[in-house]
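Computed from the coordinates by the stated procedures, all read-outs in this text should not be read as laboratory data. Please read these numbers as outputs of a predicted model, since none were measured by experiment. When we count neighbours, we look across all protein chains shown, and the Cβ atoms used for this are built from the backbone with ideal geometry, even at glycine.
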Amino acid sequence: MQTISRRQILGAASMVGIAPLVMTRAAAAAQAGLDLPFILHAVFFSNETHQPKPLDPHAFVKDASAPAAVGPQNIPHAAGFRPALVAGPLDVEAFNAQGKSLGFTLADWFAAKGSVKITPSGTGAKLDCQFTQLRPNGIYSLFENHFDQKPIGFTPSDGTGKGNSFTADASGSAAISLVSPGPLTHDNAVLLVFHSDNTAHGIERGEIGVTAHHQIIVRIPA
């Protein structure tokens, strides 16, 4: 995996507030199709929930002073670990909520990049996704966020959980195309989930923060 600098991550965090405006103009100019970049889920989540310090609720680091607690996305974590800070040291090992190593550093985790082209397809939408700098040979799935549901709902992007998963190649790159069963609106996002247990879970994401980790995301512009 190619690593990413703290400056690049903080730059993404500072831009997330203006990104919806930029993408909205793109939507108005391209109603027949959208080309959208993914951003780090950590940045998106921290911005949406107004975290005092941007953090990743799905990746953890060692911290001897941290008690066992429930994290900001209601993910319980073991004592001695805490959610990773986006601006914290990046050359440290990443763990799941139970303290099991994910096999890479935070720099590797935050390096993921992706884009999606969304075009109308019947009553739904076709998604053509490209990814780089993922976990080499890692197992991933695409899910759809439903922000109009409380709590926020998640469904497999293909509607069935049979065609929304893929394996990155040895360089961490991947491409996948699928059709969402319904139209995508600002109430939705396309979410990339990493499976640290090397197993796709069909219509479910897996155990959040333990075997399933939100890595990058793109919300559909208004």
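Data overview
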read-out: Rounded to whole Å, sorted largest first: equivalent-ellipsoid semi-axes of region 107-211, Cα gyration tensor; value: 22, 16, 12
read-out: Length released on extending from GLU207 to THR119, taking residue separation times 0.36 nm less the Cα-Cα span; value: 28.6 nm
read-out: Residues with amide H under 5 Å from that of GLY71, placed H, sequence gap 5 or more; value: HIS77
read-out: Potential extension, HIS186-ASN198 segment - 0.36 nm per residue separation minus Cα distance; value: 1.2 nm
read-out: Neighbour-count order for VAL61, VAL70, fewest beta carbons within 10 angstrom listed first; value: VAL70, VAL61
read-out: Computed helical MRE - 222 nm, the chain, DSSP H runs ≥ 4 contributing -39500 (n - 2.57), nearest 500; value: -4000 deg cm²/dmol
read-out: Semi-axis lengths, Å, region 54-108, gyration tensor of Cα atoms, sqrt of 5 times eigenvalues; value: 16, 12, 10
read-out: Added length on full extension, which subtracts the Cα-Cα distance from 0.36 nm per residue, ILE152 to THR167; value: 2.8 nm
